[in-house]
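FYI, it's all coordinate maths here, none of it is from the lab. The structure presented is a predicted model; accordingly, all values stated were derived computationally and were not measured. Cβ: placed from backbone, ideal geometry, glycine included. Neighbour counts: every protein chain shown.
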Amino acid sequence: MRLPLTVELLALPKEVAEVRRMVEGDDVRLCVSELLTNVIRHVGEGTPVTVRVVAKRGGRTRVAVTDPDPRVWPVLQHVAHEAESGRGLALLDALAARWGVDQGPYGKTVWCELRAGRPSVSPGGHGPARMRP
């Protein structure tokens, strides 16, 4: 297992798939995807972000995405059955033992902690890793 993993990138759809390949575990992949996609949709495509995946005590895994906009926070909403989007945070809420937002003066970090699974960097990866656009 090669944690912690730290990746700095621009929030672009193609980068979501790249970061997903760096971690193992379906739940971890889903959470990374949802957190990055939220930045793309609600803060803006091309926003600089830092993705961190770390092992915590008790076997938990923490996934965190930091972006520079302290004003745009994720909001858990009820979505109609026929809606084509808006379920990402509900999925994260269902999977995570807990999740939240840490606000700083120059940005925020949206994070979640997962109980199950043992994520690691995919074969050939190195942690802590750095990827720059």
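Worth pointing out:
- Each of Glu18 and Arg98 was given a label point 7 Å from its Cα along the Cα-to-Cβ line. The distance between the two points is 3.3 nm.
- Between His42 and Tyr106, the distance separating the two model label sites (each 7 Å from Cα on the Cα→Cβ line) works out to 2.3 nm.
- Take the Cα of Arg71, step 7 Å toward its Cβ, do the same at Thr50, and the gap between the two points is 2.3 nm.
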